[in-house]
Amino acid sequence: MSVERTFSMIKPDAVAAGQVGEILAMIEQAGFKIVGLRMIRMTEKQAQGFYAVHREKPFFAGLVKFMTEGPILVMALEREDAVRKWREVMGATNPANAAEGTVRKRFASSIERNCVHGSDAPETAAVELGFFFSAADLL
Ligand code: UDP
Ligand code: MG
């Protein structure tokens, strides 16, 4: 397994609840190096574009509304096997199914308001990193 990068977000629910510090600590404790980080507020167009793969889903409009309700953190995370490992540390999409000790188990309040994002494959990570970071932004 080689060192790779994944894309992550801390979503508006967790930023509003003051959970950024604890989530960043969990990320670092899991052995990730934070190689890019910015706080932004997504526009409706950005959220629709970022989640375009879900545009036909019944939850799409609600998801776009949620993701634009307040500021978020966008991050590039580096580690061996980063994509798979960050999804493991995040926990299942629905916090009801998330394993003990995962970020979503600790902080998520619903399947929608689930506090963090992580790319689902290396190819997706490359696209998602490019959505928010230019090469010059990343260490
Ligand atoms: N989501 C939702 N309702 C659902 C499934 C997903 O509101 O039934 C939201 C949730 O915020 C999730 C995001 O849509 O994180 C993207 O869904 P995906 O299936 O890609 O989950 P993830 O990869 O984030 O675990
Ligand atoms: Mg996903």
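Annotations
Okay, residues lined up against (1) among the charged types (D, E, K, R); (2) within 30 Å of S2 (Cα to Cα):
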position: K45; (1), (2): yes, no
position: L77; (1), (2): no, yes
position: E80; (1), (2): yes, yes
position: A92; (1), (2): no, yes
position: R106; (1), (2): yes, yes
position: L139; (1), (2): no, yes
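- Only listed residue being farther than 15 Å from E28 by Cα, at pLDDT 95 or above and buried (at least 19 other Cβ atoms within 10 Å of the Cβ), chosen from A121, A76, A98: A98
- Within the stretch 1-32, tally of residues that are within 19 Å of L138 (Cβ to Cβ), assigned to a loop (DSSP other than H, G, I, E, B) and either out of contact with any Ser or Thr (no Cβ under 9 Å at 6 or more places or on another chain) or hydroxyl-bearing (S, T, Y) (or both): 2
- Set E56, E88: member being loosely packed, with under 15 Cβ neighbours inside 10 Å, within 16 Å of ligand 2 (Cβ to nearest atom), free of Cβ contacts under 8 Å to residues at least 40 places away in the same chain and not in a helix (DSSP H, G or I): E56
- Residue within the stretch 99-116 that is outside any loop (DSSP other than H, G, I, E, B), within 16 Å of ligand 2 (Cβ to nearest atom) and of a type in the set (F, W, Y) present: no
- Test: residue in the stretch 60-81 that is part of a loop (DSSP other than H, G, I, E, B), within 11 Å of ligand 1 (Cβ to nearest atom) and among the basic types (K, R): no
The values are calculated or read from the model by the stated rules, or taken from the named source; none is laboratory data. Just so you know, these numbers come straight off a predicted model, no measurement behind them. We place every Cβ from the backbone using ideal geometry, glycine too, and count neighbours over all the protein chains shown.
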